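Structure, as structure tokens:
The values are calculated or read from the model by the stated rules, or taken from the named source; none is laboratory data. The model shown is predicted, which means the values in this text are computed figures rather than measured ones. Every residue, glycine among them, receives a Cβ derived from its backbone with ideal geometry; neighbour counts consider all protein chains shown. Side chains are part of the model used for accessible areas, which takes the heavy atoms of the whole protein and leaves out ligands, DNA and RNA. Shrake-Rupley method; radii C 1.70, N 1.55, O 1.52, S 1.80 Å.
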Amino acid sequence: MTPRISRREFLSAVAISSTASVLPRGAYSAAIEDAGAIPDISSHAPSLSWQDQGVLNLANSPYAKLHSVPVRAVTIEEGFWSKRRKTNVERSIPSMRLQLEQHGRMENFRRLVGKSSAEQQGPVFSDSDIYKWSESVGWALQSESFPELRGFADSMIREVVAVQEPSGYLNTYYQGERARERMLQHSQEVGHELYCLGHMLQAGVAYYRATGDSTLLDAGMRFVDKFVLPNYGPGPNQTPIISGHPEIEMALIELHRTTGKHQYVELAGYILEGDSRWKIDPKRIIYMFCGIPFTTRTKLEGHAVRAMYACCGAADYYLETGDAAYWKSLNVLWDDLIRRQMYITGGVGARSQWEAFGDSYELPNAQAYGESCAAIGNMMWNWRMLAASGEAKFTDVIERALYNGINSGMSLNGTTYCYRNPLAFDPASGDTIRNPWYDVTCCPPNLERTFASLPGYFYSTSKDGLYVHLYDNSRLEWHLEDGTPLSLRQQTKYPWDGDVALTLTPKKPSAFTLHVRIPGWARNAAIKVNGNPQTGVEAGEYFGIRRDWKPGDTVLLNFPMETEIIASNPRVVEDRGRVAVRRGPIIYCMEELDQSPGVALADASLTMSERLGKEFESEYKSDFLDGVVVLHHRGGVFETSSAEEALYSPATLTAPKLRPEDFTMIPYYVWANRQPSAMQVWTPYVRA
Ligand code: FUB
Ligand code: ZN
């Protein structure tokens, strides 16, 4: 789409004039667009009522093929995710609130209004911890009322907005003694002011969608409207913007979707473009994944979370503008992700140094960084790509990251978290991989907001019907886009078993297409509609079933849950001569403590035969690790422990002797939930 006026002209106009008449209006936007006035969400006409807005409110996004279903419309019933989500609201979110208090995150706000004499505590982006926590509560409240959590969040929000300056500015690090440093070029590059604002907006949006209370959202909007828009941007009298840590871009676009005010899309576009008036160190441009036009990026590099969040913002921008250059770049970057940069767990970011992507195929196991936030960013990005395209390849990545590299981030008891998610571990390293608190505590509340918002990722609507993305026991109570009320029930033991029964109850018989996702791993999937087998079912696609649906119609899906042995591209040096094991969406690993006493993982090999994958037996154990399918496998271990061997010796053509050994494998996401033990996802193999 060609913008009606350039972003530069547009944003300058906002700076010079506060009249609404100069502002371009999307055909779909009926909202009041008054950049200069003190905002109040209630004075705008949202496109959908607050209760009906999903994780993203795509109802009026012109380039979204799929539209979100609100979190509250989906009830996840007893099954796989219900346990994790219960733990999240009963243990993780409450214990994180205490941690945040204990580590001074709220004192930072209180000290600015004379209620605390404490020094500023925590890193420069500490406010974002409070916002991500509030966002988690916001999503949680869309599923249930949780009065106590609501009370805590309400009072936190009151304390937050109390420190907002009349200028609209709000950031506890740069208020008070550091006020003169705010929004300087260096501060924008490293100070996370706009990152914190982005999280504030996202929290405000989630809380508003939960409660209709726009206190936090209004404060965020006031920050943008009164402080940012008039003073920062491309105009001759404006200071340039660099987001430093992308986040503000997607938040601004969601603000637009919530208020109907188009200038937020324009501002996001300007930030994604970069402002050439500022000279930025080229190394920082790589690290920050911002500062030059997003559309000139050709590979994933630099700080992994920054890159993922930038891709989210760019995908959001595409969803609103249809700018083809963005779609092209997003797909180039996505190919890079899939072909060269993503761990088998959906984790991203190979290097601890700079928390960064490595070179192509640089995917170390024990040294893997795989920050939980980066895997979450991966899921969020793919959610946007899916909305834009309706293509199942994006949902496959969502599922991979969600069940594995994200799910591993939170302990089963919900009170400790992984920051790094390595794919191999040796307790001799001395690392404690799960901790209740990190001074850089971005990951824990990020995991909490993801689990709390999960129901919003199960379904989408489209012009022609309904999409089913994820599988778990659940009920959908929503409506088709023509307004026909529809309920849908899923019954399944997914991901342990591949049978899924869907029962549809449209309020009245209706013709529409039900698009059911066939996971990319589900070869030989089968579908029956009211008992009638369907043909043409392909793995890695949505299978569209168009018919006159009547109340009580059923769809039975069968995804054969076969164990599969996976090899990596030989260019992934650390995985050469090794294989990983996957069953359905779950990636498996071995922990040493599950093996016979004295067996070292370093000495273990899997046995691969013509039966490819059939050498593994699965067993559901309800009382083990909160209920998991474990895999049993007869492999081998070196007859002589490798610890006894010399460091170097002449190579021979005879392979070291193995003795048979029975192994137990567990899902990767449950590793490190017992005493410290060696773990590995990739294991050497021998041919049977
Ligand atoms: O900089 C804010 C957050 O802290 C990043 O997203 C994480 O990688 C951690 O560095
Ligand atoms: Zn993090």
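Only residues that are in contact with a Leu (Cβ under 7 Å, 6 or more places away or on another chain), away from ligand 2 (no atom under 14 Å from the Cβ) and in a helix (DSSP H, G or I) were counted in the range 375-397, giving 7. Just to be sure, is Ala314 small (Gly, Ala, Ser), assigned to a helix (DSSP H, G or I) and away from ligand 1 (no atom under 16 Å from the Cβ)? Spelling it out, Ala314 is indeed small (Gly, Ala, Ser), assigned to a helix (DSSP H, G or I) and away from ligand 1 (no atom under 16 Å from the Cβ).
Looking across the range 348-374, the residues that are open to solvent by less than 10 Å² (accessible area, probe 1.4 Å), within 15 Å of ligand 2 (Cβ to nearest atom) and touching a Pro at 6+ places or on another chain (Cβ under 9 Å) come down to Ala368, Gly370, Ser372. Annotation note: of Gly104, Gly54, Gly114, the sole residue that is over 30 Å from Leu319 (Cβ atoms), open to solvent by less than 20 Å² (accessible area, probe 1.4 Å) and not polar (S, T, N, Q) is Gly104.
Of the listed requirements (1) within 16 Å of ligand 1 (Cβ to nearest atom); (2) assigned to a helix (DSSP H, G or I), Ala428 misses just one: (1).
In this structure, is Ala401 within 13 Å of ligand 2 (Cβ to nearest atom), closer than 30 Å to Phe559 by Cα, open to solvent by less than 10 Å² (accessible area, probe 1.4 Å) and touching a residue at least 12 places away in the same chain (Cβ under 8 Å)? No; evaluated as a whole, the condition is false for this residue.
Only residues that are more than 12 Å from ligand 2 (Cβ to nearest atom), out of contact with any strand residue (DSSP E or B) (no Cβ under 7 Å at 6 or more places or on another chain) and not hydrophobic (A, V, I, L, M, F, W, C) were counted across the range 409-432, and they come to 10. Yes or no: the range 622-639 includes at least one residue that is farther than 23 Å from Asn404 by Cβ and of a type in the set (S, T, N, Q). No, that holds for no residue. Cβ separations smaller than 7 Å between residues 6+ apart or across chains give the following pairs from the range 617-646 residues that are without any contact (Cβ under 8 Å) to a residue 60 or more places away in the chain to residues that are open to solvent by 80 Å² or more (accessible area, probe 1.4 Å) and part of a strand (DSSP E or B): His632/Glu617; His632/Asp662; Arg634/Pro660; Arg634/Asp662; Gly636/Arg659; Gly636/Pro660; Val637/Arg659; Glu639/Arg659. Test Val124 against the criterion of being at pLDDT 95 or above, within 16 Å of ligand 2 (Cβ to nearest atom) and not charged (D, E, K, R), and give yes or no. So Val124 fits the description; yes.
So that you can scan it fast, the table gives a plain yes or no per residue for (1) in contact with a helix residue (DSSP H, G or I) (Cβ under 9 Å, 6 or more places away or on another chain); (2) modelled with pLDDT of 95 or more; (3) among the acidic types (Asp, Glu); (4) open to solvent by 20 Å² or more (accessible area, probe 1.4 Å):
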position	(1), (2), (3), (4)
Ala59	yes, yes, no, yes
Ala64	yes, yes, no, no
Thr75	yes, yes, no, yes
Arg85	yes, yes, no, yes
Glu90	no, yes, yes, yes
Pro94	yes, yes, no, yes
Arg97	yes, yes, no, yes
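Take Ser605 and tell me if it is under 31 Å from the mean Cα position of the chain (by Cα) and at pLDDT 95 or above. Full working, then the answer.
Numbers: under 31 Å from the mean Cα position of the chain (by Cα): no; at pLDDT 95 or above: yes.
It is false that Ser605 is under 31 Å from the mean Cα position of the chain (by Cα) and at pLDDT 95 or above.
Quick one: is Pro240 in contact with a strand residue (DSSP E or B) (Cβ under 9 Å, 6 or more places away or on another chain), in contact (Cβ under 8 Å) with a residue 40 or more places away in the chain and more than 16 Å from ligand 1 (Cβ to nearest atom)?
Details: in contact with a strand residue (DSSP E or B) (Cβ under 9 Å, 6 or more places away or on another chain): yes; in contact (Cβ under 8 Å) with a residue 40 or more places away in the chain: yes; more than 16 Å from ligand 1 (Cβ to nearest atom): yes.
Spelling it out, Pro240 is indeed in contact with a strand residue (DSSP E or B) (Cβ under 9 Å, 6 or more places away or on another chain), in contact (Cβ under 8 Å) with a residue 40 or more places away in the chain and more than 16 Å from ligand 1 (Cβ to nearest atom).
For the range 519-541, residues that are assigned to a strand (DSSP E or B) and surrounded by fewer than 20 Cβ atoms within 10 Å (Cβ to Cβ) total 6.
Look at Leu502 and say whether it is away from ligand 1 (no atom under 16 Å from the Cβ) and surrounded by 19 or more Cβ atoms within 10 Å (Cβ to Cβ). In short, yes.
A single entry from Met410, Met308, Met379, Met385 fulfils the requirement of being under 22 Å from Tyr264 (Cβ atoms), under 15 Å from the mean Cα position of the chain (by Cα), more than 14 Å from ligand 1 (Cβ to nearest atom) and open to solvent by less than 10 Å² (accessible area, probe 1.4 Å): Met385.
Looking only at the range 437-492, count every residue that is within 16 Å of ligand 1 (Cβ to nearest atom), of a type outside the set (Lys, Arg) and modelled with pLDDT of 95 or more and tell me the total.
So the count comes out to 12.
Give me the residue from the range 121-134 that is part of a loop (DSSP other than H, G, I, E, B) and surrounded by 18 or more Cβ atoms within 10 Å (Cβ to Cβ) and, out of that set, nearest to ligand 1 (Cβ to nearest atom). Taking the candidates together, the pick is Phe125.
Quick test for you: out of Ser677, Ser649, pick the one residue that is in a loop (DSSP other than H, G, I, E, B), crowded, with 16+ Cβ neighbours inside 10 Å and among the hydroxyl-bearing types (Ser, Thr, Tyr).
Details: Ser649 fails: crowded, with 16+ Cβ neighbours inside 10 Å.
On inspection, the qualifying residue turns out to be Ser677.
Among the residues of the range 433-477, which ones are more than 16 Å from ligand 2 (Cβ to nearest atom) and among the charged types (D, E, K, R)? Within the range 433-477, Lys463, Asp464, Asp472, Arg475, Glu477 qualify.
For residues that are part of a loop (DSSP other than H, G, I, E, B), away from ligand 2 (no atom under 16 Å from the Cβ) and buried (at least 24 other Cβ atoms within 10 Å of the Cβ), tally how many sit in the range 286-305. Give the derivation first.
Taking the range 286-305 as the starting set, the residues that turn out to be part of a loop (DSSP other than H, G, I, E, B) are 289-293, 297-302.
Among the residues that remain, those that are also away from ligand 2 (no atom under 16 Å from the Cβ) are: 290-293, 297-301.
Keeping just the survivors that are buried (at least 24 other Cβ atoms within 10 Å of the Cβ) gives 290-291, 300.
Total satisfying the criteria: 3.
Whenever a residue of the range 433-445 is assigned by TED's automatic domain parsing to the domain that holds Ile406, its partners that are among the β-branched types (Val, Ile, Thr), lying with C-beta atoms within less than 7 angstrom and at least six residues away or across chains, give the pairs Arg434/Thr416; Asn435/Thr416; Pro436/Thr415; Pro436/Thr416. Among the residues making up the range 328-338, those that are surrounded by fewer than 20 Cβ atoms within 10 Å (Cβ to Cβ) and closer than 21 Å to Leu58 by Cα are Lys328, Asn331.
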